[in-house]
Amino acid sequence: MSFLSKEIVEKRDEMKRLETAIDAAWKTVGPEIDLDRLQKFGDEDWSGLDSGQKSIRLEAATTRLNRLRDQVLDGVEKHKQRNGGNGGMIHPTQRDGGQPAQKTLDELMTGDQEIKGWLTGGKANSIVREYDARPSEVLGFGRKVLFQTAAGWAPESLRIPRVIEAATRPIGVLDLIPVYPTGSASVVYMLETTRVHAAAETAEGIVYSESQFQLAEQSSTVRKIADSIPVTDEQLDDVAMTESYLRSRLIFGVRQRLDSQILNGTGVAPNLLGILNTPLIQTVAKGANPIPDAIYNAMVAVQVTGRANPNGIILHPNDWRDIRLLRTADGQYIFGSPSQPGPLNIFGLTVAVTDAIAENTGLVGDFANFCGLFERSGVRVEMGYVNDDFSLGKKTLRCQGRFGFVVFRPSAFCTVTGL
């Protein structure tokens with residue numbers, strides 16, 4: 001009995017490995033041929049390659065596969081010619097001088113011209129062939145134990161490169177607040193406490209009237225908002241996305257807390273003093289008025305008493321729902337048809353919808369001119385060792401930002417209660 005050469009066997013095995021890898025790659029990229037999905041090719045890690053590099057390597061692998069198919073087919077044909085046309089394998093019924101044996105399944109497939117054309121053509125799709133042969137006619141194939149995934153080769157499932165975020169409150173207030181840099185530990189400014197204009201019509205020779213202006217220095221301390229997380233060296237080394245994932249989460253958490261402090265901070269160190277806890281801001285009650293009417297009353301209070309121009313409204317999602325679904329007596333939606341996105345504004349003022357503010361209370365104000373967020377240092381992430389981190393093989397990522405927040409004119413803001 002003669003066998004195929006070691007070289008041909010090795011090429012055949014490589015061909016099978018390439019076929020498996022290429023088939024898996026095409027299934028991964030899908031009909032859209034999205035090469036960004038292709039993170040692994042066989043045992044190779046392709047996550048660090050861009051789409052162009054992946055395309056070049058995939059084309060080279062396909063070319064290599066076609067070359068191997070040609071070499072294997074050519075080697076098999078030459079081997080059969082050297083061994084009397086049957087590959088040197090003596091059929092059992094021929095050993096005793098009997099009739100020529102029926103072909104084995106391997107011989108049927110090797111001699112099939114359609115299969116040869118499929119192999120040499122390098123087609124990506126599979127081919128199905130049926131042979132009319134009873135088990136006794138295809139020697140070596142009878143009723144055997146079924147090879148299946150439950151007791152055979154378990155399929156490999158690749159994890160998609162996506163993290164499904166847990167539900168958390170989005171940042172909604174910061175978009176309304178102007179941001180300024182500061183290089184000090186406190187935000188110091190001058191507040192005009194007295195402003196009396198005495199300008200009047202004056203006759204010749206009469207003493208001029210006198211106005212009165214007084215200023216007082218005010219300050220707001222810069223506060224720190226911080227967070228941290230320990231992580232092992234193995235986790236950082238073995239998963240490329242770990243550090244960027246943790247950095248993004250820590251940064252978001254600090255900004256989310258800042259978003260809440262701007263509204264609800266108590267002013268008791270180390271808290272900032274938020275708008276809702278600032279003394280002397282105005283308040284109007286909804287009462288029996290429709291919600292839009294109550295909001296407009298707050299706008300008027302800001303204009304008349306606060307001498308400011310309101311440019312924003314902050315509402316809880318449930319309160320905005322009640323506004324968005326307002327209808328006329330005949331059932332027409334006031335804020336637009338449900339088939340349309342609808343405006344996120346009331347009376348021309350931008351609405352920030354966020355559950356950072358308590359339900360049933362809205363806030364109207366001149367955010368652009370009479371409050372400000374001062375950054376002593378922006379949000380940054382650093383990595384180092386804490387306590388016995390070094391000996392335990394881990395590191396700690398810490399995130400912090402230092403901010404000051406000031407409401408310059410409290411009367412430029414007005415809450416609407418009872419929504």
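The values are calculated or read from the model by the stated rules, or taken from the named source; none is laboratory data. Keep in mind it's a predicted model, so treat the numbers as computed, not measured. Heads up, the Cβs are rebuilt from the backbone with ideal geometry, glycines too, and the neighbour counts pull from every protein chain shown.
Annotations
- Residue within the stretch 155-167 that is of a type in the set (D, E, K, R) and more than 30 Å from ALA25 (Cβ to Cβ) present: no
- Candidate set from the stretch 29-46 (those that are assigned to a helix (DSSP H, G or I) and not basic (Lys, Arg)); member that is modelled with the highest pLDDT: ASP36
- Residues within the stretch 263-300 that are in a strand (DSSP E or B) and aromatic (Phe, Trp, Tyr), tallied: 0
- Of the criteria (1) among the polar types (S, T, N, Q); (2) touching a residue at least 12 places away in the same chain (Cβ under 8 Å); (3) part of a helix (DSSP H, G or I), which one ASN309 fails: (3)
- Every residue from the stretch 3-46 that is surrounded by fewer than 14 Cβ atoms within 10 Å (Cβ to Cβ) and of a type in the set (Ser, Thr, Tyr): SER5, THR20
- Answer residue from the stretch 271-300, given it is among the polar types (S, T, N, Q), in contact with a strand residue (DSSP E or B) (Cβ under 7 Å, 6 or more places away or on another chain) and farther than 20 Å from THR221 by Cα and is surrounded by the fewest Cβ atoms within 10 Å (Cβ to Cβ) among those: THR283
- Every condition in (1) surrounded by fewer than 12 Cβ atoms within 10 Å (Cβ to Cβ); (2) of a type in the set (D, E, K, R); (3) at pLDDT below 70 holds for GLU156 except the one numbered (3).
Residues are listed down the side, and each one gets a yes or a no for (1) in contact with a strand residue (DSSP E or B) (Cβ under 7 Å, 6 or more places away or on another chain); (2) not in a strand (DSSP E or B):
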residue	(1), (2)
ASN369	no, yes
GLY378	yes, no
VAL381	yes, no
VAL386	yes, yes
PHE390	no, yes
CYS399	yes, no
PHE403	yes, no
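- Of the residues making up the stretch 233-270, those that are of a type in the set (Ser, Thr, Tyr), under 30 Å from VAL407 (Cβ atoms), without any contact (Cβ under 8 Å) to a residue 60 or more places away in the chain and surrounded by 13 or more Cβ atoms within 10 Å (Cβ to Cβ) number 0.
- Some residue of the stretch 271-284 being farther than 22 Å from THR354 by Cβ and out of contact with any helix residue (DSSP H, G or I) (no Cβ under 9 Å at 6 or more places or on another chain): no
- Criterion: more than 30 Å from ALA240 (Cβ to Cβ) and hydroxyl-bearing (Ser, Thr, Tyr) - qualifying residue of SER55, SER5: SER5
- Test set (1) surrounded by 12 or more Cβ atoms within 10 Å (Cβ to Cβ); (2) part of a helix (DSSP H, G or I); (3) free of Cβ contacts under 8 Å to residues at least 60 places away in the same chain - LEU49 fails condition number: (2)
- Just so you know, in the stretch 379-396 the residues that are in contact with a Cys (Cβ under 9 Å, 6 or more places away or on another chain) and crowded, with 16+ Cβ neighbours inside 10 Å include one that is nearest to VAL222 (Cα to Cα), and it is VAL379.
- Hits in the stretch 159-179 - residues which are assigned to a loop (DSSP other than H, G, I, E, B) and over 19 Å from the mean Cα position of the chain (by Cα): VAL173, ILE177, PRO178
- For TRP320, the conditions (1) in contact (Cβ under 8 Å) with a residue 24 or more places away in the chain; (2) outside any loop (DSSP other than H, G, I, E, B); (3) within 13 Å of VAL364 (Cβ to Cβ) are fulfilled apart from (3).
- For ASP13, the conditions (1) assigned to a helix (DSSP H, G or I); (2) touching a helix residue (DSSP H, G or I) at 6+ places or on another chain (Cβ under 8 Å); (3) at pLDDT 75 or above all hold with the exception of (2).
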